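Worksheet: the structure to be examined is printed underneath.
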């Protein structure tokens, strides 16, 4: 009898343990319904172009020319492409050793990394070393690489905010590490209290866990909060004292919808603090072309910058990067363009500025529309989306609903979200996918649907929610599927 | 600083000790590498002495060499290792010190990266990619003057598969459905057996797909993967990174790098007797670095072997379009399995393909896929789940993978020019393979199997004892010693055979066939001159 090669039982346990709700049960159900002809509004993932946001024109022109360099030799190319796009394409091609089709340096094209370093320097006011910047196929790959370096086994703990973007929990599971949660405070607009950190770390240590790193997502996902400078200082001091490497997920740094707390990078705050912190805290900062006002998710472009990692460790990270040969070159060019966009005076500047401003201002308005919309619903409370791309309303499910969910064999927020999906076509991600306090339920949606469709979407949600609440408020112990 | 130097010296001593007592590379040796020493072969430290500061020896920082994941320390990847680092420094120096060297440029023959050495991309593919990247071109009348009709047509068809024509959106985690349909049709046209688009996972190059499978299959060091020796070191590296064991099976150099089932069986049984659960068999066909194309009968034996022993067959077929000899043909393992009558329930098979090789050579685009057949749905769900954590692979690479699997057909506008480009590249590769193979075989003490396929030559050098001793005195592996001398004399960068694995006591290096034709004579001359003077110096 033939031996079974690979069955479920013999799969790596770490793979089985890992969960990634963003494309989990709700998304799969939504896809099924879509195939059956139902209109679905996918708000499960931060994917702006899928919801109608247009790509910025200038980068697409530049990369199209890089894809097809023979166009540059055509005398008529100026009829289709502005002169600055043509010049920029030539510039980026000159940074490659064979165009888009050649593997670059495993850390990314040196010329692009230099541009990233210059951007960081302009942003923060401190020098940045291109040798400590690695480009990656999306920021997620960078996160995985760094966590792979840090996690030795299940004795190693990584502090992760709750709620969190489940890339962190999934990766920690896959790598066989331990997630050490620290709770963000919903009543303080998802603020970070260092006391919560201390508690979590103490508890982990009492269980024999070595806490190695701390993740912050700033602006937050799914919660959207922007950390204050004071908060960042506290966190950095804490990492210094507790010997934790700080992983700063800053992919939403261009998505800020209030003016009280503009984005400040962890690196800037660290450098501002001076010695012993500025040379004593290890920090890895992540950024991407997928978010901001670019929204170029499909390109898979990202980078990480390392601060205070020993050269030998940087070498090992380089070694692992070299196994994958190189990040995709098109996305590296998108990254170069993102960190050095058209300037006033450039031919394409006006259009670029108009497109960018349009997107950011609309996002700001949509953040407000959505927050207000949720807050007008029965049993729904929603913190304002200060940044990022999501709304994370708390849904106060009545006992009857929780009972019905239990009978249906579903986690309560999954139950609610499935009902929402079936009734309205709105595909969200249940809060349990991100982590939340016991007995408190949320869902995550994006603020990305087109502005003109927002009022209808919020109306549709409100109608469903208020009916749901009426139904289950009066039906304690009575379940309906 | 002092502690660093001690560690460095310790590393060198440990490394040379390994060379003396374990002639095989660490991925073949039974013990994991001790944490404190780092192999000098991989230390890029030499370039950054000035950055060396107290922080390297400060143990108060959480992340130091002593405290990172030991699997990271253990894994190796020679293709971009020490030799390349030296070459890059030479290249820098050449800019200002041209006269100091007997050559005027560095020629990188270490890596299968055709377009970095002057190979041009296929024009039709790039036209389509450009139109998809900047779809508003399709609305401009001027576009028809700059792009071929069929590229415009194809771009429309592709964009129709993408909701909203949004190439900047994350796609389905397995890749855009319409593109998978095209790829499945291409597989069917190639093999004569149907392919299911739901079995296809588009990835950022074939390498991430290999990693996914290793992650799935390996739970601990007790899980083993049979790998050919010599092998492309992605396999040894990913097995190390995922904490498994590499179970080597030796290809037979004397018979053109043939694969003997009896040797496979022997290695399998030996591993099992040591308590290793062997999960899969990796076969690279055409081979890397060895270039052999398996005979169909051999492939049938392999398929039967996997079925009997309950092994997943991991078929690395990225060089499927690189076959240079008339007496051999590429047959996919899927075709072979189906021809034997094995279906979904009979054999677990994962086939890997890439846009990086063939005649298209689009390495920097990072496009590829794995076709996964013969797994139960609960396992398939886990594969999907893993793919979803990274959301999706880059869209441009996905589009390119679909183009590679369905290129222009007779009657298409671009067909003639496409075929001319394709045939030109492939015939040139065959020619360069032969020229370099002949040149290597003419060298004293060097034998080189022919490159039936892929992009490499893997000659064996019979190093004189004096050379081996000189290498040991320099605390370098003999093949690395030869390759470094070769680099310094000719500017040609190759990879020592120990990076791929070889029978202990034999020495090889891997050289690509990719420099442009006009550079080949000079390379041959310099190589010949160098080898002669090397042998003059070290001959017994």
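Any read-out appearing in this document is the output of simple, stated calculations on the displayed coordinates, not a laboratory observation. Because the structure is predicted, anything quoted here is derived from the model rather than measured. In this analysis, Cβ positions are derived from the backbone assuming ideal geometry, glycine residues included, and neighbour counts consider all displayed protein chains.
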Dividing the helical contributions, -39500 (n - 2.57) per DSSP H run of n ≥ 4, by the residues of chain A yields a 222 nm value, nearest 500 deg cm²/dmol, of -13500 deg cm²/dmol
Put in order of increasing Cβ neighbours within 10 Å, starting from the fewest, A:297, A:417 give A:297, A:417
Taking Cα atoms, the helix B:82-96 axis meets the longest principal axis of chain B at an angle in degrees (rounded to 10) of 90 degrees
Put in order of increasing Cβ neighbours within 10 Å, starting from the fewest, B:156, A:190 give B:156, A:190
By the mean-Cβ-within-10 Å protection proxy, highest first, A:14-21, B:345-352 rank as B:345-352, A:14-21
Looks like region B:131-244, by Cα gyration tensor root eigenvalues a ≥ b ≥ c and the a/c under 1.5 rounded cutoff (else prolate when a/b is bigger than b/c, oblate otherwise), is prolate
Computed D for region B:170-405, Stokes-Einstein, Kirkwood radius over alpha-carbon pairs, 4 °C, 1.567 mPa s, to the nearest µm² per second, is 73 µm²/s
Rounded to the nearest Å, the spacing of the alpha-carbon centers of region A:197-258 and region B:508-540 is 55 Å
FRET efficiency (residue A:33, residue B:260; Cβ distance; R0 60 Å; to 0.05) is 0.65
With 0.36 nm assigned to each residue of separation and the Cα-Cα distance removed, residue A:97 to residue A:459 gains 124.9 nm
Taking the alpha-carbon centre of each part, the distance from region B:294-372 to region B:240-275 in Å is 18 Å
What one gets for chain A as the Kirkwood radius, inverse of mean 1/r over different Cα pairs in Å, is 23.9 Å
Rounded to 0.05, the calculated FRET efficiency for the beta carbons of residue B:297 and residue A:207 at R₀ = 60 Å is 0.55
The alpha-carbon center of region A:34-77 and that of region B:393-412 are separated, in whole Å, by 17 Å
Protection proxy (average C-beta count within 10 Å per residue), highest first, orders A:346-355, B:288-297 as B:288-297, A:346-355
Subtracting the Cα-Cα distance of residue B:442 and residue B:506 from 0.36 nm times their residue separation yields 21.2 nm
With a ≥ b ≥ c from the Cα gyration tensor eigenvalues, square-rooted, and the rule rounded for a/c under 1.5, otherwise prolate when a/b > b/c and oblate otherwise, region B:467-524 is oblate
With label points set 7 Å from each Cα along the Cα-to-Cβ direction at residue B:273 and residue A:437, the distance between them in nm comes to 6.3 nm
Under the 7 Å Cα-to-Cβ spin-label approximation, residue B:252 and residue B:519 lie apart by a distance in nanometres of 3.7 nm
In Å, the C-alpha Rg and Dmax of region A:396-480 are 13.1, 40
Here the relative contact order (percent) of chain A, from C-alpha pairs under 8 Å and at least 6 apart, is 21 percent
If one compares the long axis through the Cα atoms of helix B:395-404 with the longest principal axis of the Cα atoms of chain B, the angle in degrees, nearest 10, works out at 80 degrees
Simple SL model, points at 7 angstrom along Cα→Cβ for residue B:344 and residue A:353; separation in nm is 5.9 nm
Taking Cα atoms only, helix B:296-309 is inclined relative to the longest principal axis of chain B by an angle, in degrees rounded to 10, of 80 degrees
Where a ≥ b ≥ c are root eigenvalues of the Cα gyration tensor, a/c under 1.5 meaning rounded, otherwise prolate if a/b exceeds b/c and oblate otherwise, region B:305-429 counts as oblate
Mean Cβ-within-10 Å packing, highest first, puts peptides A:40-46, B:509-515, A:121-127 in the order B:509-515, A:40-46, A:121-127
Each residue of B:345-358 has, on average, a number of other protein chain C-beta atoms within 10 Å of its C-beta equal to 1
Inter-chain shielding metric for B:113-124, i.e. average beta-carbon neighbours from other chains within 10 angstrom, reads 4
Taking B:403, B:281 and counting other beta carbon atoms within 10 angstrom, the fewest-first order is B:281, B:403
Hits in region B:130-171: amide N under 16 Å from the 7 Å Cα→Cβ extension of residue A:73, namely B:146-148
If N is the residue count of region B:123-167, its Cα Rg over 2.2 N^0.38 Å rounds to 1.02
Residue span residue B:177 to residue B:92: 0.36 nm per residue of separation minus Cα-Cα distance leaves a gain in nm of 26.0 nm
Expressed as a whole-number percentage, the relative contact order of chain B with C-alpha contacts under 8 angstrom and at least six residues apart is 20 percent
Under Stokes-Einstein, chain B at 20 °C and 1.002 mPa s, with its Kirkwood radius over C-alpha pairs, diffuses with a coefficient in µm²/s of 86 µm²/s
Of region A:95-137, those with amide N under 14 Å from the point 7 Å along the Cα→Cβ vector of residue A:275 are none
Taking r as the C-beta separation of residue B:222 and residue B:473 and R0 as 41 Å, the FRET efficiency to the nearest 0.05 is 0.55
Counting other chain Cβ atoms within 10 Å of each Cβ in A:54-67 and taking the mean gives 5
